[in-house]
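The values are calculated or read from the model by the stated rules, or taken from the named source; none is laboratory data. As the structure is a computational prediction, the values presented were derived from the model and not from experiment. Here the Cβ is made from the backbone with ideal geometry for all residues, glycine too, and neighbour counts use every protein chain on show.
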Amino acid sequence: MSLAAIASPRTADVPAPAAPRRFGWLLVAVLLGQMAIVMVTTAVQQTPTIDEPVYVGATAVYLDQHSLRYNPEHPPLGKLIMATGLVFADVHVSRAFVGDQTELGRYVLYESGHDPGRLLLLARLPMIVLTLLFGLVVFLFARDLTGDRGGFVALALYAFSPDLVAHGSLATLDVPAAGFLLTSAWLLWRARTRPDLYLPLAGLALGAALATKMSTLAAVPVLLVLAALFTRHRTRAVAVVGLVALAVVWASYLAVDPLLRWETPPGLPAAFVDWLPFPEPYRDGMRVQFGFENRVWGGYLFGEHYEGSRWYYLPAALLVKTPLGALVLWFAGIAAVIARKRAAVPYVLVPAAVLLVTAMSGSRDLGVRYAIFVPMFLAVAAACVRWRWMVAGLLAFVAVSSLRTFPYYLPYSNEAFGGPEKTHLHLHDSNVDWGQDLGRLADRLKEHPAGRTWLVYKGAGVPEHYGIHAEDPRKVPPDQVHGLLVVSDSAAAKADDRLKALIASSTPIDEVGHSITIYLRR
């Protein structure tokens, strides 16, 4: 059977369902409401992660100077969405400021006279709203496939996903990019029967993904093929989706700077991208990303620190970071889609598989956030599982596992790997410790007045702003290091011999947020 036949509307065995009853919409509101509560709570309590100050700084320059010069490796749309919150802070960046994007982020958050917590929350709130809207897309997509019950199953999996809660509550780009791709796939599913309405909307969603993060380019061929499968006018369908998507990308750059003033940064690697019909800063951003891929990054998996990347890193990390009940439902959902909902295979499973294979080939083993599309697409697939009581039991297991980690969602791992307090033994970086607990550390240190404090912190926050006055133990002879030794778990994972020796000769006495360990060194 051809792919076109599989994807044809004639093979779809589920008609468009009627609107949910009032109770159904109430359940949707409850699921998304609890997700909103935990995300906002998490956002309020966490200090800046490593990437967030860069995005906040670039957004401030967008608003104040209409300049694209910072953070060119990522297109503007995600940061423009953050700007809908930051516009209420009246942030200004001095034109005399000179520094790179990391220094810009520190300047905007900590040196511009604003409250960094308030600025960060204003940037995070639009992303929280967007994450909730993508939850509604998951519900509607799954409901189109299987009816209301399947929609509720998919939404519950989405709403209780620790990774989606963790990264959906941050001012970062991973969840928005993945969510826009999911939305485009869903709209293409609907376009099988109403192409005139849904093809342009699918193009808008695809363009939003491309204008948020360049890694979404891998999905373009898949989605354009889907656009061509269900209509006699295949060339026209591809043209509509492709041109609308391209227009969104151009519009995102023009929204920042209508004159599109741009100067190519020096030292970019050569790449065959000049033929692409994207704005010049987009193409240069692709060159920056190629430069990142050419670097050798460090990884950490199951207690081993290594240089380079491993092809199986993301599947292994997902195995650790996904609730056990969700893993069972994902695999059962994949089997159910293949066996009974073949029309949905190209729309649900193929995009996820292509994106995952592409991400697995990357050089940065830095977190499951690079595969954050997996819990979105596979939540939809899980809606096709028919075993009602088993599904209910597994969903309850997922909900309990997720709520037990509240409010420490970033370092979550499932029970088979020891829970969030043991995640640092298996993974590092944005899986566990992304700098989010500096504020909590400040509060905890007040409970340990043990004299001198030594700090090895992996993050973008400024410890002094939170009242943490500490020194780097790696800059003095080991016999001078006495008192409290505070080490981020990501720093411990890739510690050099000197730091390893300091940790080995110290006694762990406390931990903060499952991401920072406090030792006593006498």
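Please enumerate the residues belonging to the stretch 238-269 that are part of a loop (DSSP other than H, G, I, E, B) and of a type in the set (Ser, Thr, Tyr).
The answer is 264, and nothing else.
Kindly indicate which of 272, 290 is assigned to a helix (DSSP H, G or I) and modelled with pLDDT under 95.
So the residue among 272, 290 that is assigned to a helix (DSSP H, G or I) and modelled with pLDDT under 95 is 290.
Please specify each residue of the stretch 232-250 satisfying the condition of being touching a residue at least 40 places away in the same chain (Cβ under 8 Å) and crowded, with 18+ Cβ neighbours inside 10 Å.
237, 240, 241, 244, 245, 248, 249
Would you be able to say whether some residue in the stretch 31-47 is more than 30 Å from residue 250 (Cα to Cα), assigned by TED's automatic domain parsing to the domain that holds residue 138 and not in a helix (DSSP H, G or I)?
The answer is yes; a qualifying residue exists.
Within the stretch 427-454, restricting attention to residues that are hydrophobic (A, V, I, L, M, F, W, C) and outside any loop (DSSP other than H, G, I, E, B), which residue is nearest to residue 495 (Cα to Cα)?
It comes out as 454.
Going by the structure shown, is residue 175 under 17 Å from the mean Cα position of the chain (by Cα), assigned to a helix (DSSP H, G or I), of a type in the set (A, V, I, L, M) and closer than 18 Å to residue 379 by Cβ?
Yes, satisfied.
So that you can scan it fast, the table gives a plain yes or no per residue for (1) more than 20 Å from residue 354 (Cβ to Cβ); (2) in the same structural domain as residue 371 (by TED's automatic domain parsing); (3) in contact with a helix residue (DSSP H, G or I) (Cβ under 9 Å, 6 or more places away or on another chain):
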position: 224; (1), (2), (3): no, yes, yes
position: 244; (1), (2), (3): yes, yes, yes
position: 251; (1), (2), (3): yes, yes, yes
position: 256; (1), (2), (3): yes, yes, yes
position: 270; (1), (2), (3): yes, no, yes
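Which condition does residue 454 not pass, out of (1) surrounded by 18 or more Cβ atoms within 10 Å (Cβ to Cβ); (2) without any contact (Cβ under 8 Å) to a residue 40 or more places away in the chain, if it passes all the others?
Of (1) surrounded by 18 or more Cβ atoms within 10 Å (Cβ to Cβ); (2) without any contact (Cβ under 8 Å) to a residue 40 or more places away in the chain, only one is false for residue 454: (2).
Taking helices (runs of 4 or more DSSP H) that fall entirely within the stretch 308-395, which contain at least 2 residues that are surrounded by fewer than 23 Cβ atoms within 10 Å (Cβ to Cβ)?
313-321, 324-340, 350-360
Would you mind stating whether residue 514 is modelled with pLDDT of 95 or more and either within 29 Å of residue 160 (Cα to Cα) or not small (Gly, Ala, Ser) (or both)?
yes
Anything in the stretch 265-294 that is more than 15 Å from residue 246 (Cα to Cα), exposed (fewer than 14 other Cβ atoms within 10 Å of the Cβ) and of a type in the set (A, V, I, L, M)? List them, or say none.
Once the filter is applied, which keeps residues that are more than 15 Å from residue 246 (Cα to Cα), exposed (fewer than 14 other Cβ atoms within 10 Å of the Cβ) and of a type in the set (A, V, I, L, M), the stretch 265-294 yields only 270.
Under 6 Å between Cβ atoms, at least 6 apart or on separate chains: pull out the pairs that start in the stretch 129-157 with a residue that is buried (at least 20 other Cβ atoms within 10 Å of the Cβ) and end on any residue that is of a type in the set (Phe, Trp, Tyr) and at pLDDT 95 or above.
Going by the 6 Å Cβ cut-off, the qualifying pairs are 135/158; 137/186; 138/158; 141/186; 151/139; 155/139.
Six or more apart or on different chains, Cβ under 7 Å: which pairs go from a residue in the stretch 327-338 that's in contact (Cβ under 8 Å) with a residue 40 or more places away in the chain and farther than 8 Å from residue 385 by Cβ to one that's of a type outside the set (Asp, Glu) and surrounded by fewer than 18 Cβ atoms within 10 Å (Cβ to Cβ)? Could you list them?
337/345
Tell me which of these residue 392 doesn't satisfy, since it passes every other one: (1) touching a Pro at 6+ places or on another chain (Cβ under 8 Å); (2) of a type outside the set (Lys, Arg); (3) assigned by TED's automatic domain parsing to the domain that holds residue 35; (4) farther than 28 Å from residue 288 by Cβ.
It is condition (1) that residue 392 fails.
Please enumerate the residues belonging to the stretch 134-166 that are assigned to a helix (DSSP H, G or I) and either over 20 Å from residue 325 (Cβ atoms) or not assigned by TED's automatic domain parsing to the domain that holds residue 209 (or both).
Passing the criteria: 134, 136, 137, 140, 141, 143, 144, 145, 148.
With respect to residue 159, is the statement that it is out of contact with any strand residue (DSSP E or B) (no Cβ under 6 Å at 6 or more places or on another chain) and within 23 Å of residue 204 (Cβ to Cβ) true?
Judged against the criteria, residue 159 is not a match.
Kindly provide the set of residues from the stretch 20-55 that are farther than 29 Å from residue 108 by Cα and of a type in the set (A, V, I, L, M), ordered by number.
Selection gives 26, 27, 28, 29, 30, 31, 32, 35.
Checking the conditions here, which among 108, 91 is among the β-branched types (Val, Ile, Thr), surrounded by 15 or more Cβ atoms within 10 Å (Cβ to Cβ) and at pLDDT 95 or above?
108
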